[in-house]
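Novice: Let me begin by handing over the structure; questions about it come next.
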Amino acid sequence: MASLAKRPNGKWRARYRDAAGREHARHFARKVDAQRWLDEVTASVVTGQYVDPQARKVTVDEWCDTWLQGYGARRPSTVRQAKVHLARIRQEFGPLPLTAVQPSMIRAWLAKLRYEGLSASYLFALHSRLSQVMQDAVLDRKIPANPCSRRTSPGAGKPRPYVATEAQVWALYEQAGELFRPALLLGAFVGLRTAEVCGLRPEDVDLEGRTITPAVQYPDLPLKTEMSGETVPIPDSLVAVLKPLCRDRAHVLVDADGSQLGPWQVEREMRRIRGKVPGLPDGFRFHDLRHFYASLLIASGADVKVVQHRLRHASAKTTLDTYGHLWPDSDESTRAAVERVLSGKINSLADSVRTGGDTE
């Protein structure tokens, strides 16, 4: 509801009520200016771009505090990561009103961080977080549009994962302490993540059915995604290793005191032994053993859907984006497929042409 009226002092008063019933008014010297303002407000309401005038004063710092309150229901590790990203965002944009953040400012910020030496993948993560925060501000009608877009994005910049060789995996196994060797097997030959290995319980291992079905991650938290709970088949040799570890204990992997093995202990052991294996990159992690597991499946002829389910990815796109380069050369497989159908027919046609026979 909007109205326009002339005041006794000669000014024009334009006013309207928002969806919450609050009245907003402004005074103008000219009627045409007052009408233009009302028209702009009405258009923003119709197009869904209306922003409460009071909301325009909300700073990035204030909105980040509000946003975190709603985000805090997620896993502690997820919230911690978000706080790290927001610290960088606050450092650059914190005192500014949300409406003041422009695409050009975002591009300049990312260029500065790139110059400071931050990796392309981390820049992409920061941009994604800022976009997430700004999009929620749009939904909450704090800003009319998200300043982040493909035009401001630095690109994912994700390098191809390093895939350890079979010799390197066994070298890691030989260098590892006795307590950590089963963990390495579960990473390299089942594809479990670090927290899943540490959270694995005897009831998650079906020794008779020769399968593992992850149910929780360390210490006793929900899995990363619903797909993470997919059942993974295991061979007899691994069943033999796990069988004694599934007796009379709450967790498959425990430390010297019998307590649940922690992810930091596994990663610390990886840092200790990776430098002793020739050819492994300095940053090689336990998680990278999943790449070896994926390479085994692909080399065996497994298709994308099988690899997706064994790695328990939420989508086949994730599998292809990460491991698409490991599948056999597509040019050669295309030639072979066409050759099987075409070669016999072409030869018979050629023979028919040489003899002048009927090609039908």
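Novice: Extending each Cα 7 Å along its Cβ direction at residue 56 and residue 151, get the distance between those two points in nm, one decimal.
Specialist: Label-label distance for residue 56 and residue 151, simple model: 2.2 nm.
Novice: List the trypsin sites (Lys or Arg not before Pro) in the range 81-156 that DSSP assigns to loop (not H, G, I, E or B) and whose Cβ has at most 10 other Cβ atoms within 10 Å. Which are they?
Specialist: The qualifying sites are 150, 151.
Novice: Applying 1/(1 + (r/R0)^6) with R0 = 41 Å to the Cβ-Cβ distance of residue 225 and residue 170, what FRET efficiency is obtained, to the nearest 0.05?
Specialist: 0.85
Novice: Okay, moving on. Can you pull the one-decimal nm distance between simple spin-label points at residue 73 and residue 213, each 7 Å off the Cα toward Cβ?
Specialist: Distance between label points: 2.7 nm.
Novice: Which residue, 43, 215, 250, tops the fluctuation ranking in a GNM of the chain built on C-alpha contacts under 10 Å?
Specialist: 43
Novice: Next question, about the same structure. Provide the per-residue ³J(HN,Hα) series for the range 208-218, in order, calculated from phi with Karplus coefficients 6.51, -1.76, 1.60 and θ = phi - 60°, each as a whole number of Hz, with x at glycine and proline positions.
Specialist: After applying 6.51 cos²θ - 1.76 cosθ + 1.60, I find 6, x, 6, 9, 10, 10, x, 10, 9, 10, 3 Hz.
Novice: While we're on this one: Would you please give the residues with an amide H less than 5 Å from that of residue 221, counting only those at least 5 places away or on a separate chain, with H modeled from the backbone geometry?
Specialist: Answer set, sorted by chain and number: none.
Novice: Provide the FRET efficiency to the nearest 0.05 for the residue 272-residue 111 pair, computing r from the beta carbons and using R0 = 51 Å.
Specialist: 0.85
Novice: Order of 308-316, 28-36 by packing, highest average Cβ count within 10 Å first?
Specialist: 308-316, 28-36
Novice: Also: Residue-wise, which Karplus ³J(HN,Hα) couplings in Hz belong to the range 280-287, taking 6.51 cos²θ - 1.76 cosθ + 1.60, θ = phi - 60°, and x for glycine or proline?
Specialist: 6, x, 4, x, 4, 10, 4, 4
Novice: Follow-up question, since we're still on this one. Which log10 I(q)/I(0) values, to two decimals, does the range 289-333 give at q = 0.23 Å⁻¹ under the Debye formula with one point per Cα?
Specialist: The calculated log intensity ratios at q = 0.23 Å⁻¹ are -0.74.
Novice: Let me ask you something else. Over all directions, what mean area does the Cα convex hull of the chain project, stated in square nanometres?
Specialist: Taking a quarter of the hull surface, the average projection is 33.3 nm².
Novice: How large is ³J(HN,Hα) for each residue in the range 92-101, as worked out from phi by the Karplus curve 6.51 cos²θ - 1.76 cosθ + 1.60 (θ = phi - 60°), to whole Hz, x for Gly and Pro?
Specialist: Ordered by residue, 3J(HN,Hα) equals 8, 10, x, x, 6, x, 3, 5, 8, 6 Hz.
Novice: So which of 83/224; 83/142; 142/224; 83/317; 6/142; 57/83 end up more than 26 Å apart, counting from Cα to Cα?
Specialist: Correct reply: 142/224; 83/317; 6/142.
Novice: Relative contact order, percent, of the chain when contacts are C-alpha pairs under 8 Å separated by at least 6 residues?
Specialist: 12 percent
Novice: Further question: Describe numerically, in nm with one decimal, the distance between label points set 7 Å from Cα along Cα→Cβ at residue 240 and at residue 118.
Specialist: Taking the simple label geometry, residue 240 and residue 118 are separated by 5.1 nm.
FYI, it's all coordinate maths here, none of it is from the lab. Worth saying up front: this structure is predicted, and the values here are computed from it rather than measured. Note that each Cβ is placed from the backbone with ideal geometry, even for glycine, and that neighbours are counted across all protein chains shown.
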